[in-house]
1. Place a +1 charge on the Cβ of each Lys and Arg in the chain and a -1 charge on the Cβ of each Asp and Glu, then give the dipole magnitude about the Cα centre in debye, rounded to the nearest 20.
2. Less than 14 Å from a label point 7 Å out along the Cα-to-Cβ axis of Gln38: which backbone N atoms in region 329-373 qualify, by residue?
3. Restricting to Cα pairs below 8 Å that are 6+ residues apart, what does the relative contact order work out to for the chain? Please round to a whole percent.
4. Amide H neighbours of Arg98 under 5 Å, counting only residues 5+ apart in sequence or on other chains, H built in-plane at 1.01 Å?
5. Give the cross-link partners of Lys305 among the lysines, using a straight C-alpha distance below 21 Å as the criterion and excluding same-chain residues fewer than 8 apart.
6. Give the lysines reachable from Lys357 as a straight Cα distance under 19 Å; neighbours fewer than 8 places away on the same chain don't count.
7. Could you calculate the contour length gain from Ser93 to Ser212, that is, 0.36 nm times the residue separation minus the distance between their Cα atoms, to one decimal place in nm?
8. Can you give me the distance in nm between label points at Asn250 and Ala327, each placed 7 Å from the Cα along the Cα-to-Cβ direction?
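Each reported figure results from applying straightforward, stated rules to the coordinates on display, with no laboratory input. Quantities reported herein were computed from a predicted structural model and do not represent experimental measurements. When we count neighbours, we look across all protein chains shown, and the Cβ atoms used for this are built from the backbone with ideal geometry, even at glycine.
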Amino acid sequence: MKTLRWITVTALAALSAVLACGADTLVYLGTYTDKGSQGIYSFRFDPATGQMTDPVLAAETPAPSFLAIDPTKKFLYAVNETGDGSVTSFAISPATGRLTQLNQVPSGGKDPCHLVVDPTGHTLIVANYTGGSVSSFPLKADGQLGQAVTFIQHHGSSVNKSRQEAAHAHEVVLSHDNRFAIVCDLGLDKLMVYRFDAKTGKLTANDPPSVSVKPGSGPRHFVFDSAGRHGYLINEMGGAVMVFDWDAANGTLRQTQTVSTLPRGFRGENTTAEIAIHPSGRFLYGSNRGDDSIVLFGIEPVAGKLRWIARYSTGGKTPRNFAIDPAGKWLLAANQDTDGIVEFEIDQNTGALKPAKRRLHVSQPVCVLFTVR
């Protein structure tokens, strides 16, 4: 073992906790930094028991609201959701998980809120929310970001003049074959479809270039099923999940179903946030902010349609994001407005969530990212 003479007593205690919890799974937390948080935090996670160590500051950076890791797991990338808009690259320490900043580049628009690294590890694509645009960047061998090779400005508006007065790109998702990028635009009520060239990192409009959803829906996040036959869209303003058939050859979407994310009789304001599919492919989860819950759907294996199963309180306010561990046994939900991470155990047969009574305190958590090393 390498010498530990430089480690303080506090660091030794933290290291002991890491070893006790299992060192193969690390979780990073993105946060907003206007109420006490300093940036990106990390903690160790034991997938066998669900045990978590206390979060530690991994890197100081402003408003890292969404995070992504490259395929080698050597580098982490964060949007900085600020008015000037930037993206920051970090090297991951193999020993501690701490982050060392490599470089930072303009995102191309105000308030970038989502980013994705393509499976080759050569390109990063960013959605700028207030800017209403999408940009792509080459990734260098040393993890640094190059200058943008694509910048596309969305134009238009939709029916809600306070929320949809202009384009608001909210997420970028790549198809399983890495040939198409889906960009959810809340302001336009559209899913924009781009052809993606993995060699150059450039995006070009598909034909047709988009699919529209019901006016006032506010597309937020999208996910493909494991087979790449169906796509699922959670609508921030409409309180619903839409199901689509996906034509992988042509990059086209056809809507087949809409289901509410809210329990019957719900009254009050609500906006949805995150959507995810269980690794088994049998269950879909979505989060409600207002109802402050995670909703569970079963996925029909052939047609891909959804059936409501249950709703689970997150025990806090504004679950902006959640993530399922790679083994599919645990779900961690980030309650933004009550400053905490709450853990659920997932029933592998039914998809049901059972609160595990383990919670972590972090100021304004807004992104949960598992990485297995």
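1. On the way: 35 positive and 33 negative charges, 86 e Å.
Using only the charged Cβ atoms, the result is roughly 420 debye.
2. 363
3. Dividing the mean separation by the residue count of the chain yields 11 percent.
4. Amide H to amide H, under 5 Å and 5 or more residues apart or across chains, Arg98 pairs with Ser93.
5. Lys190, Lys214
6. Result set, ordered by chain and number: Lys317, Lys329.
7. 38.5 nm
8. Placing both labels 7 Å along Cα→Cβ, they lie 4.4 nm apart.
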